[in-house]
1. How long are the semi-axes of the ellipsoid equivalent to the stretch 27-72, from square roots of 5 times the Cα gyration tensor eigenvalues, in whole Å, largest first?
2. List, in order, the whole-Hz ³J(HN,Hα) value for each residue of the stretch 103-109 obtained from phi through the Karplus relation with A = 6.51, B = -1.76, C = 1.60 and θ = phi - 60°; use x for Gly and Pro.
3. What is the gain in length, in nm to one decimal, between residue 114 and residue 58 on full extension, counting 0.36 nm per residue of separation less the C-alpha to C-alpha distance?
4. Using a probe radius of 1.4 Å on heavy atoms only, what accessible surface per residue do you get for the stretch 11-117? Whole Å² is fine.
5. I'd like the distance between the alpha-carbon centres of the stretch 1-68 and the stretch 82-113, rounded to an integer number of Å.
6. Starting from the alpha-carbon convex hull of the chain, give the projected area averaged over all orientations, in nm².
7. Using 7 Å Cα-to-Cβ label points, what is the residue 82/residue 45 separation (nm, one decimal)?
8. Could you give the dipole magnitude of the chain about its Cα centre, charging the beta-carbon of Lys and Arg +1 and that of Asp and Glu -1, in debye to the nearest 20?
Amino acid sequence: VQLQASGGGLVHSGGSLRLSCQASGSGSIFSISPMAWYRQAPGKQRELVASVTTGGRTNYADFVKGRFTISRDNAKNTLYLQMNSLKPEDTAVYYCNAYQYLLPGGWGQGTQVTVSS
C-alpha cells in the first residue's frame, strides 16, 4: 500500500487547508480499515490528530476539536482533513495511515503544513 498525502502549504494564522491522502495498491484494504491523520512537529513525537471508522464515525484530539474535520471516500481510496482556524502550533508534517496500526508499506509520504503567526 502506498499512501500519498498532499494539500499542505504555508498559511497565515486563522487560515484553512484541505489535506488529501490517496491510497494506491491497496485493493480493498483502505475501505475496510479505520483511518487516521497523524502529525509530527520538529523535535516532537508523532501524534494522532483525528480518526474515522469504516462507517464514518469520527474522533478528534482535543487540540483540533471544532477546527478540523476528517472524512473519507472509499470509492476513491482517499482520506481528507479539512483544517480551519489554523494556529502556528499546527505546524507539522501530516501523515495518514490506519488507526492504531500501520498499513503494509509503512507511513508513506507526508505533507508539510506551516502556519505563520
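The values are calculated or read from the model by the stated rules, or taken from the named source; none is laboratory data. This one's a predicted model, so the numbers in the text were calculated from it and none came from an experiment. Here the Cβ is made from the backbone with ideal geometry for all residues, glycine too, and neighbour counts use every protein chain on show. Just so you know, the surface numbers come from the protein's heavy atoms only, side chains and all, with ligands and any DNA or RNA stripped out. Shrake-Rupley method; radii C 1.70, N 1.55, O 1.52, S 1.80 Å.
1. Values: eigenvalues 92, 41, 9 Å².
Whole-Å semi-axes of the equivalent ellipsoid: 21, 14, 7.
2. With coefficients 6.51, -1.76 and 1.60, one gets 5, x, x, x, 6, x, 8 Hz.
3. So the chain would gain 17.7 nm between residue 114 and residue 58.
4. Numbers: 5370 Å² over 107 residues.
Result: 50 Å² of accessible area for each residue.
5. Taking the Cα centre of each part, the stretch 1-68 and the stretch 82-113 sit 5 Å apart.
6. So the mean shadow area of the Cα hull is 6.5 nm².
7. 3.2
8. So the dipole magnitude of the chain works out to roughly 100 debye.
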